[in-house]
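The values are calculated or read from the model by the stated rules, or taken from the named source; none is laboratory data. No experiment lies behind these values; they were computed from the predicted model shown. We place every Cβ from the backbone using ideal geometry, glycine too, and count neighbours over all the protein chains shown.
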Amino acid sequence: MELLGFSSAFAFTALVFLLLLLLKLIFSWWVSPIRTHMKIKKCGFGGPTPNFPFGNIEEMKKKNFVTDSSLGSSNVSHDIHSSVFPYFSRWQNSHGKVFVYWLGTEPFLYIADPEFLKKMSTEVMAKGWGKPSVFRNDRDPMFGNGLVMLEGNDWHRHRHIIAPALSPLNLKAMASMMVESTTQMMERWAAQMNSGHAEIDVEREIIATAGEIIAKTSFGIRDQNAREVLEKLRALQMTLFKTARYVGVPFGKFFNIKKNLEAKKLGKEINKLLLNVITERKKAAESQSKTQTDLLGLLLKEHHQQKLSVRELVDECKTFFFGGHETTALSLTWTLLLLATHEDWQNQLRDEIRQVLGDNIEDLDINLLAGLKKMKCVMNEVLRLYPPSPNVQRQAREDIQVDNLTVPNGTNMWIDVVAMHHDQAFWGKEANEFKPERFMDDANGGCFHKMGYLPFGFGGRMCVGRNLTFMEYKIVLTLLLSRFKFKVAPNYHHSPAIMLSLRPSNGLPLIVEPLN
Ligand code: HEM
């Protein structure tokens, strides 16, 4: 009898528990999104109609229609917005430059209006911005709680520890390693040319070299260890971003359960590898009583002062490993495409290199790199047309007032950098042309709005690694242009695509020839 009483009490408790769980799910996946939807509508924002439970994902998954940008090598169009973000391009036509769309049950405020962005960002301090929780969970295997994903006091603490490690003085110490890795890559290319193969997949090569550079300069690791972390990061990127997934959809994780488990496994393997690197470096630092001045050395020093835990260190290393090489490599990759299609600029840059650095490139004096003004203009123009980070994300942590509109607390934001960089309203009729000279006398490229050019983001959360990129870009490009000339391979198909970053979807085959 007693047993019967116990089991019915248990069944009753379980039933109550299930009912409560069901109510909670109904509230967070149905009632709360509907309330937010109403609130956003009341605030005056339009947008495509969402469906429960997918929001607007089904429309976003529809195949890209072919546009001018998907052309062969003879005709490379830079008018890419409607092919990389076809859904945003369509919705912009009907709803303007600021509207709301839905990833599952998560509302996102789409912003491609610099004036709106300016008004909104003046209301919020860097520390007051959030990052979309829905992405933080989804991308956890890749970034964990690294700087990119942090908020509030934790973000502030990490940023103050990391930023000094990327000071100009520390960066200069990294230059020789950049030269070393680039020279090795060029030797490989020369050997390939000698054996009669002039066509090189420049994207693959440069990504590998940039990976090697970040491994050496930031973590002091070489060869197999570095290669393993990079391979796993690449596999993780493919798993998470190659196909559209159901981020924001209730139980969305289970739609792609295999991929999500694979991502988790890869994330754990990368953590383990990095933990080994950190442990070894800590032991070495203790025995040598000497701190290495690479990023990890400096972070470890902070760790001794109890500022970053081991878990935090692993996440920061992961963030830097990925963030520190892919974006820089892509800026160089797109640059080589644009120079291959603009031989005049290739020659102009070579002349400038000779004038500023002289003929003896082997003994590159990095103090002179600042004199490469045309190269900087080319880089700015490439980052405008092909921003490796095609969007910037935020989440409101309080209601934000923009004129008579209110962006409600909790609203995610997707700032469409590609759209703003190609918008004729801000760049004039030649918005889709490669014209580095627009940056010659104006750091903002003559953009009609000072927040219309955001390759490195904005405000206090602007990219912490940009000085490293500037130096690496100039070193690698100087070495390459001083030794080779570049043409587009006949089988190149121009098809930029988003896989977290903006990259050429089929690599970048170029015909590389030695300079006479
Ligand atoms: C062409 C190269 C690069 C581009 C286009 C780029 C772009 C960006 C963008 C758009 C952001 C977001 C900023 C925002 O939210 O307002 C960002 C943040 C960040 N970047 Fe970069 N980045 C580049 C190179 C690097 C490098 C070389 C590193 C590391 C050494 C790096 C590390 C980071 C980190 C840690 C953040 C997060 C900063 C924070 O939230 O405080 N990036 N980057």
Query raised in the report: Got at least one residue in the stretch 458-481 being charged (D, E, K, R) and either under 20 Å from A198 (Cβ atoms) or part of a loop (DSSP other than H, G, I, E, B) (or both)?
Result: no
Query raised in the report: Within the stretch 208-225, is there a residue that is at pLDDT 85 or above and surrounded by fewer than 16 Cβ atoms within 10 Å (Cβ to Cβ)?
Result: no
Query - Residues located in the stretch 417-446, provided they are in contact with a Pro (Cβ under 8 Å, 6 or more places away or on another chain) and within 16 Å of the ligand (Cβ to nearest atom) - result: V417, V418, M420, H421
Report summary line: Over the stretch 404-463, the set of residues β-branched (V, I, T) and at pLDDT below 95 is T406, V407, T411
Query raised in the report: Scanning for something farther than 22 Å from H37 by Cβ, of a type in the set (A, V, I, L, M) and surrounded by fewer than 20 Cβ atoms within 10 Å (Cβ to Cβ), does the stretch 83-103 turn up at least one residue?
Result: no
Query raised in the report: If a residue has to be of a type in the set (G, A, S) and touching a residue at least 40 places away in the same chain (Cβ under 8 Å) to count, how many in the stretch 416-442 make the cut?
Result: 1
Requested in this report: Give the residue, chosen from A489, A431, A443, that is in contact with a strand residue (DSSP E or B) (Cβ under 8 Å, 6 or more places away or on another chain) and of a type outside the set (F, W, Y).
Outcome: A489
Query raised in the report: Within the stretch 387-410, is even one residue in a helix (DSSP H, G or I) and in contact (Cβ under 8 Å) with a residue 24 or more places away in the chain?
Result: no
Query - Test: residue in the stretch 452-469 that is of a type in the set (F, W, Y), within 12 Å of the ligand (Cβ to nearest atom), surrounded by 22 or more Cβ atoms within 10 Å (Cβ to Cβ) and more than 30 Å from E398 (Cβ to Cβ) - result: no
Query raised in the report: If you check W334, W345, which single one turns out to be more than 13 Å from the ligand (Cβ to nearest atom) and touching a Pro at 6+ places or on another chain (Cβ under 9 Å)?
Result: W345
Query raised in the report: Across the stretch 211-224, what is the number of residues that are part of a helix (DSSP H, G or I), more than 12 Å from the ligand (Cβ to nearest atom) and either under 17 Å from A285 (Cβ atoms) or of a type in the set (S, T, Y) (or both)?
Result: 0
Report summary line: Across the stretch 225-240, the tally of residues that are within 16 Å of the ligand (Cβ to nearest atom) and touching a residue at least 24 places away in the same chain (Cβ under 8 Å) stands at 4
Requested in this report: Among the residues of the stretch 32-48, count how many are of a type outside the set (A, V, I, L, M) and within 16 Å of G248 (Cα to Cα).
Outcome: 4
